[in-house]
Amino acid sequence: MTPRLPRVSVCIPTYKGGKTIGAAIASVLAQTFQDFELIVVDDASPDDTQAVVAACHDPRLRLLANAHNRGPQGNWNRCLDETRGTYIKLLPHDDLLRPDCLQQQVQVLDDDRARQIALVCSARDVIGPDGRVLLHARGFPGAPRGPVARADVVRHCIRRGTNLIGEPGAVMFRRELAQRVGGFDMRHPYVIDLEYWLRLLQHGQAWYDPEALASFRVWRGSWSVA
């Protein structure tokens, strides 16, 4: 009998994530929407990342370990390759999801019968090493909940000089579309996520939620800070 596939694949690509990945996993397992698989791909970490993940017992959790370090592009793309769900969310090991994040974003994509939405994104809180909120609801300033045309996304990102769509934890997209556009591209590392979002948006528009459905952690050990 063919196994039932999950609705959502949540992927945590990690390298040296031992200090924060436990909290990231807990935020996924605490979701109000429970029809998901959780895939952790460890990029040959030299710390206790795998031990921390192995201590999290849940049948939906799969821990995969690269035999050698592939770097962010290789690891993120392995995450995409391992997914089985209808929808995909990548969650960096530093970051957190609000308990209703999956529920809210799945509902938007489920309601999009015409497939006009390429990705769903939300505002996000910026948190420090201890989880304290440093900045509330970073995203599209003043934008209401609803669709945002690709041209408007590009224009606002260029004018403000930043990724307004958000870090991967704030974004959800269809696995089918990810297979069409291919993998992440590391040629411009700092905008590896934004470049991918814009490729997805060539096939539809964005849907923005001004509620902070995810938290982006800033601390000395994070890759984005480095």
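The values are calculated or read from the model by the stated rules, or taken from the named source; none is laboratory data. The shown structure was predicted, so the numbers you read here are calculated from the model rather than taken from an experiment. Don't worry about glycine lacking a Cβ; one is built from the backbone with ideal geometry, like all the others, and counts go over all protein chains shown. Ligands, DNA and RNA are stripped out before the accessible areas are found, and what is left, the full protein with its side chains, is counted by its heavy atoms. Shrake-Rupley method; radii C 1.70, N 1.55, O 1.52, S 1.80 Å.
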Among (1) under 15 Å from Ala212 (Cα atoms); (2) under 14 Å from the mean Cα position of the chain (by Cα) - the single one Trp76 does not satisfy = (1)
So, in segment 58-81, of the ones that are farther than 29 Å from Gln34 by Cβ and part of a loop (DSSP other than H, G, I, E, B), which residue ends up least open to solvent (accessible area, probe 1.4 Å)?
-> Asn69
Taking segment 194-218, which residues are under 17 Å from Leu96 (Cα atoms) and acidic (Asp, Glu)?
-> Asp209, Glu211
Just give me the residues in segment 6-28 being without any contact (Cβ under 8 Å) to a residue 60 or more places away in the chain and touching an Asp or Glu at 6+ places or on another chain (Cβ under 6 Å), in sequence order.
-> Gly18
Quickly run through segment 94-116 and pick out the residues that are outside any helix (DSSP H, G or I), in contact with a strand residue (DSSP E or B) (Cβ under 8 Å, 6 or more places away or on another chain), open to solvent by 20 Å² or more (accessible area, probe 1.4 Å) and more than 18 Å from Leu177 (Cα to Cα).
-> Leu96, Arg98, Asp100
Out of segment 135-153, which residues are of a type outside the set (A, V, I, L, M, F, W, C), assigned to a strand (DSSP E or B) and open to solvent by 50 Å² or more (accessible area, probe 1.4 Å)?
-> His136, Arg138, Pro147
Inside segment 154-193, the number of residues satisfying the requirement of being assigned to a loop (DSSP other than H, G, I, E, B) and either out of contact with any helix residue (DSSP H, G or I) (no Cβ under 7 Å at 6 or more places or on another chain) or open to solvent by less than 20 Å² (accessible area, probe 1.4 Å) (or both) is 8
Taking into account only those residues within segment 208-223 that are open to solvent by 50 Å² or more (accessible area, probe 1.4 Å) and either touching a helix residue (DSSP H, G or I) at 6+ places or on another chain (Cβ under 8 Å) or closer than 23 Å to Arg84 by Cα (or both), which is modelled with the highest pLDDT?
-> Glu211
